[in-house]
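Bear in mind that the values in this text are calculations on the coordinates, not laboratory data. Computed from a predicted structure; not experimentally measured. Reconstructed Cβ throughout: ideal geometry from the backbone, glycine too, with neighbour counts over all protein chains shown.
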Amino acid sequence: MMIAEIFRSIQGEGKSQGYPCTFLRLAGCNLSCNWCDTTYARGEGTDKREAEIISEIESLKGKRICITGGEPLLQGEKLLSLVRDLSVMGYDIEIETNGTFDFQQFQPYASVCMDIKCPSSGEESDLSNLSCIGKKDSVRFVVGDHEDIRFAASVMERFPIRGEIFFSPVYGFPPLAVAEFLVARDLPARLQLQIHKIIGVP
């Protein structure tokens, strides 16, 4: 598998925000978002066997792991094998995906966070994948302006979403604008700031 990095930190966003977490960042992405904050993960990364990856994860302690990217689902069957094995080992696994791939085969072993691409990203997710989001999964709208906020609300109106929903401002976009919109519309979504950036950790 092509790996960008493996490290231990605080989960800065999503359903597990605030918990200590091991991050497995896979290399490669099929999108090029305008505000991407992990552009280095679009590269080739380092090729590692599954046994190497598991050994490194075990050395970092803890049983909570976030698999992110890049776009992790690009690595398909190899990732599925790893996720199955980590699940058997007792890991609590979350996979972050840009919503352009079918993720159903991973759901028996991991929760999924579908990051829906808003207009300011310059990219698009496959919104049909929202029908596969379950109660243990989540959806995140990374919003960079008012158009993004309105887009996110329109997606929520058109597609029933069973999982938890987050509105996460692009770093630097005023969170107050998002908060005021959520309150005015009384939307069933949570404002979420990226606490890892606020406190200055990876």
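Please list 3J(HN,Hα) in residue order for segment 14-29, calculated via the Karplus relation 6.51 cos²θ - 1.76 cosθ + 1.60 where θ = phi - 60°; whole Hz, with x for glycine and proline.
Residue by residue, segment 14-29 yields x, 5, 9, 3, x, 7, x, 8, 8, 10, 10, 9, 7, 8, x, 8 Hz.
Charges only on Cβ, +1 for Lys and Arg, -1 for Asp and Glu: so what's the dipole of segment 54-194 about the Cα centre, in debye to the nearest 20?
Magnitude of the dipole: close to 440 debye.
Please tell me which of these pairs span more than 22 angstrom C-alpha to C-alpha: K48/K78; K117/K197; K15/K117?
The pairs that break the limit, which is 22 Å between Cα atoms, do not exist here.
Where does the charge balance sit around D186 when Lys and Arg score +1, Asp and Glu -1, over other residues with C-beta under 15 Å from its C-beta?
0
Over all directions, average the projected area of the Cα convex hull of segment 45-112 and note it in nm².
4.4
How big is the gap, in Å, between the Cα center of segment 130-161 and the Cα center of segment 56-107?
A separation of 22 Å, based on Cα centres.
What does the charge count near W35 come to, summing +1 for each Lys or Arg and -1 for each Asp or Glu among other residues with Cβ under 11 Å from its Cβ?
My count for the surroundings of W35 gives -3.
When only alpha-carbon atoms are used, what values of Rg and Dmax, in angstrom, describe segment 39-79?
11.3, 28
Return I133, I57 ranked ascending by Cβ neighbour count within 10 Å, so the fewest neighbours appear first.
If I rank by nearby Cβ atoms, fewest first, I get I57, I133.
Please list, in chain and number order, the residues 5+ apart from V139 or on another chain whose amide H is under 5 Å from its amide H, with Hs placed from the backbone.
M114, E164, I165, F166
Strictly under 4.7 angstrom between C-beta atoms: which cysteines of the chain have no such partner?
C21, C29, C66, C113, C118, C132
Mean residue ellipticity at 222 nm from the helices of the chain, using -39,500 (n - 2.57) per DSSP H segment of n ≥ 4 over the full residue count, to the nearest 500 deg cm²/dmol?
When only DSSP H runs of four or more count, the value is -7500 deg cm²/dmol.
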